[in-house]
Amino acid sequence: MATTPASRSSVEDLRYPAGSLVLLAGLPGAGKSTLLDRLYGLRGDERNPVRAGEARVIDSRQSRNWWARYLGPIPPRARIPLVHTTHVVRIARALLKGHSVVAHTRGTWPHILYGFAWLARRVGSEVHLILLDVEPRTAREGQLSRGRVVTSATFARHCRRWRVIIDRARGGSFPPAASVTILDRPAANLLRAIRFDERPSARRDG
């Protein structure tokens, strides 16, 4: 597992094997969707995964927007299990189809990471993590700016779990991932592209 420390000069171009699942994780409000918007020109109103070359870009907002047509009267908090189940299923479906995938995920749910790592191994692929590590105060400000704020108790749980994940990643002991890249906000601002290697062309005899 390779870990890129968070620093202003960490990365500008990240490259992964074709068919890999790249998960962008961080605290709620850390800027995961904002980074995907900038890299892939997302508007935030998409209802389905977005194609970017041979890759699929999957943000949980896409599932939220898809269900919004049908769940209008239901409080947003009650929609969360359905939205996140749909999001996970979409990631799994794209991976099973052999696509390269860049996806937003709740980084403080380790069981999700283990599940995707298991699925990736089943299809001969890999999981790579990009951890967007920002201070809790910055993440809280991000929640306020987007208009979706998690409760104080829930956010505190996220923060505790996140510190465990970051400490393990920095120590090189994060089993589910083939590689881990840790970005602070300045390093994330420098990131210009997430690329996948080209698949080898099929050999033609004669």
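Taking θ as phi - 60°, what are the ³J(HN,Hα) couplings along region 75-91 by the Karplus curve (6.51, -1.76, 1.60), each to the nearest whole Hz, with x for Gly and Pro?
x, x, 5, 6, 7, 3, x, 5, 4, 6, 5, 4, 4, 5, 4, 5, 5
Could you compute the longest span of the chain free of GluC sites (Glu not before Pro) located in DSSP loops and having at most 13 other Cβ atoms within 10 Å, not counting the site residues?
Longest gap between qualifying sites, sites excluded: 55-197.
Considering only C-alpha atoms, what is the centroid distance from region 75-95 to region 137-206, in Å?
When both Cα centres are located, 18 Å separates them.
Ser173 to Leu119: FRET efficiency via 1/(1 + (r/R0)^6), r the Cβ-Cβ distance, R0 22 Å, to the nearest 0.05?
Using R0 = 22 Å, I get an efficiency of 0.55.
Enter the accessible area of Leu190 (Å², nearest 10), with the probe set to 1.4 Å and all protein chains included.
Accessible area of Leu190: about 50 Å².
Amide H neighbours of Tyr16 under 5 Å, counting only residues 5+ apart in sequence or on other chains, H built in-plane at 1.01 Å?
Arg195, Phe196, Asp197
Taking 0.36 nm per residue of sequence separation and subtracting the Cα-Cα distance, how much length would be gained by fully extending the chain between His111 and Ile74, in nm to one decimal?
So the chain would gain 10.6 nm between His111 and Ile74.
Before rounding to the nearest 500, sum -39500 (n - 2.57) across all DSSP H runs of length at least 4 in the chain and divide by the residue total; then give [θ] at 222 nm in deg cm²/dmol.
-13500 deg cm²/dmol
Along the Cα→Cβ direction, 7 angstrom out, place labels at Leu190 and Ser152. What is the inter-label distance in nm?
3.7 nm
Only sites in a loop by DSSP and with at most 12 other Cβ atoms within 10 Å count here; which trypsin sites (Lys or Arg not before Pro) in region 10-43 make the cut?
For trypsin sites (Lys or Arg not before Pro) across region 10-43 that sit outside H, G, I, E and B with at most 12 neighbouring Cβ atoms in 10 Å, the list reads Arg43.
Apply the Karplus parameterisation 6.51 cos²θ - 1.76 cosθ + 1.60, with θ equal to phi minus 60°, to every residue of region 137-153 and state each ³J(HN,Hα) to the nearest whole Hz, in sequence, with x for glycine and proline.
Per residue, the Karplus-derived 3J(HN,Hα) values read 4, 5, 5, 5, 4, x, 4, 5, 5, 8, x, 10, 10, 7, 5, 4, 5 Hz.
With viscosity set to 1.567 mPa s and temperature to 4 °C, compute the Stokes-Einstein D of the chain, Rh being the Kirkwood radius across alpha carbon pairs; µm²/s, no decimals.
This corresponds to a translational diffusion coefficient of 74 µm²/s.
When the label point is put 7 Å from the Cα of Asp197 along its Cα-to-beta-carbon vector, which residues of region 156-191 have a backbone N closer than 14 Å?
Hits in region 156-191 for Asp197 at 14 Å: 179.
Rounded, prolate or oblate, given the Cα gyration tensor of region 108-183, with a/c below 1.5 counting as rounded?
In terms of gyration-tensor shape, prolate.
When only C-alpha pairs under 8 Å and at least 6 residues apart count, what is the relative contact order of region 93-206, in percent?
Computed over region 93-206, the figure is 35 percent.
The values are calculated or read from the model by the stated rules, or taken from the named source; none is laboratory data. Only a predicted model underlies this, so the values are computations on that prediction, with no experimental measurement involved. Glycine also receives a Cβ, built like all others from the backbone with ideal geometry; neighbour counts cover every protein chain displayed. Each accessible area value is taken on the protein alone, full model and side chains, heavy atoms only, with ligands, DNA and RNA left out. Shrake-Rupley method; radii C 1.70, N 1.55, O 1.52, S 1.80 Å.
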